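All remarks here apply to the structure that follows.
The values are calculated or read from the model by the stated rules, or taken from the named source; none is laboratory data. Predicted model only: the values in this text are computed from it and were never measured. As a convention, Cβ positions derive from the backbone with ideal geometry for all residues, glycine included, and neighbour counts pool all protein chains shown. Please note that ligands, DNA and RNA were not included when accessible areas were found on the heavy atoms of the full protein model with its side chains. Shrake-Rupley method; radii C 1.70, N 1.55, O 1.52, S 1.80 Å.
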Amino acid sequence: MADVKKYPGNLTVFVFLTCLVAATGGLIFGYDLGISGGVTSMDPFLIRFFPSVYHKEKENVSTNEYCKFDSELLTLFTSSLYLAALIASFFASTVTRVFGRKWSMFYGGLTFLVGATVNGAAVNVFMLILGRFLLGIGIGFANQSVPVYLSEMAPPKLRGMLNIGFQMMITIGILAANLINYWTAQIKGGWGWRVSLALAAVPGAIIAIGAFVLPETPNSLLERGHEDAAKAMLRKVRGTDRVDEEYEDLVIASNASKAVKHPWRNIIQRRYRPQLTMAILIPFFQQFTGINIITFYAPVLFKTIGFGNQASLMSAVITGTVNMVATFVSIASVDKLGRRTLFLEGGIQMIICQIIVGTLIGVKFGVTGAHIDFSKSYAGLVVAFICIYVSAFAWSWGPLGWLVPSEIFPLEIRSAGQSINVSVNMFCTFVLAQVFLNMLCHLKFGLFYFFAGFVIVMTTFIWLFLPETKNVPIEEMVSVWKKHWFWGKFIPDEAPPTGTIPQQPFVFYMVSETGDRTFSRWQTLISPRRTAAATS
């Protein structure tokens, strides 16, 4: 493993405050996840925009409980945001690379704020969907840039803890949305849903203003040619003037990045196969844990299994609180226990809980979905196991699904890699949001077994194919893949780990724009200072 002791590892007040402000980008994603499910369970909202769903729910108490909310138009309201986020993430990649991480966050927050305003003032379904698309663009930009920003700012030994601040803000946003829904549902006059949707402007304004005052990362400054500013920022970030070694490693990575003119073309090269695979499968598996289904459909789900209106919203508040508190477990342990340990333990815990929850619901409703009143103790048991499931996700696949992809890519393809991570995440979220209620209607309690099967597959995948990345400097991550039993054969021997110095004084490692050793269009990876040191 790479030597992780050579870089300063202290957490300065400047870095802590900077990462705290940047992490607020997670608020907009979390708020939306929590608010949409609560709003779609409010009767005034359904009466105004989705009357057929409302009448189907109210007019016949013997309706199949699994199919009460089966409406493609209703799910389009929720899922349209994620389609917009998917598209936006590709544009965000260019903005992040060319203009910097902070401006990508700023544009995301500003667009989200506008979308919240449109939704709060909506008078028809078109305005609802338009607002959702604007919200999605904001989320696409923020989710693309914030995890990368946090990973680049953090010292290697504390990168996991600081990056998980993004997931912590997501959970705070979810909990805040659940509490707001519980309050607005009690507003007389039936306009509480407007308050819930319009208040999304608050987290949008927080990240927009915060991003405007944030400094840029040393990596981004170097990538855009500001060498002196990058070194000054690195000194400030590390709280010491002894940053020469880390700075030179960043220069090497930056030079390699500048040699790559087409990151989207380069990312499919064989040498990047391990990172590309993780950037696709980790977000895919993260969504197929079923967590977002429970998150933004929690009130609908609890209402479906027999809870009343207020009881379903309060149950969502309970799971939101568990989600937030359990994330602290990951913050405290991710840089000590490592990513793999949390992934594996969380996966096993989720499998067990999903099987139990599916069985409990199946025992009551069977395959017919006949209406049955839950006893308080039985309903409490269902909520308890859902909470245990949520806690497992909150300290494993939730934060690590954003952390690991943001730290494994070399600088030259980092923005493209993160865009793939976000787009896969948003695409899977869109698909599941669009088909969930239909799946619930047809698969019934077996839906929980369906997701449990995916968790078995993805836990096995992590055990076999994900190397441990804790404490490894972000610019030296290639050494981790090189030593892996499977991925090592994809890393060419002639490509030294980023940051290494040639042993022969006059042998220079060069790469062309395509990443191959050729004798045309050379781009040296050795900085002037390293060259002088090597030849002295």
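The Cα-based radius of gyration and maximum Cα-Cα distance (Dmax) for the stretch 161-285 are 21.5, 64 Å.
Computed with every protein chain present, the accessible area of residue 262 is close to 90 Å² [probe 1.4 Å].
Solvent-accessible surface (1.4 Å probe) assigned to residue 272 amounts to roughly 20 Å². Past 20 Å, Cα to Cα, is the threshold; run 376/444; 102/157; 157/236; 364/444; 231/483 against it and keep the listed order. Going by Cα-Cα distance, 376/444; 102/157; 231/483 fall outside the 20 Å limit. Mark the label point 7 Å from the Cα of residue 359 along Cα→Cβ and return the residues of the stretch 437-453 whose backbone N is within less than 20 Å of it. 444-453, by backbone N distance to the label point. Working ranking of peptides 466-472, 278-284 by packing, defined as the average number of other Cβ atoms within 10 Å per residue, highest first, is 278-284, 466-472. Our estimate of slack between residue 332 and residue 449, defined as 0.36 nm per intervening residue step minus the Cα-Cα distance, is 39.0 nm.
Model label sites at residue 235 and residue 345, defined 7 Å from Cα along the beta-carbon direction, differ in position by 4.2 nm. These residues, 422, 98, 431, go from largest to smallest accessible area, 1.4 Å probe, as 98, 431, 422. Taking chymotrypsin sites (Phe, Trp or Tyr not before Pro) across the stretch 423-490, the ones in a DSSP loop with at most 10 further Cβ atoms lying within 10 angstrom of their Cβ are 485.
Using θ = phi - 60° in the Karplus curve 6.51 cos²θ - 1.76 cosθ + 1.60, the 3J(HN,Hα) couplings for the stretch 453-460 round to x, 5, 5, 4, 5, 6, 5, 5 Hz; x is entered for Gly and Pro.
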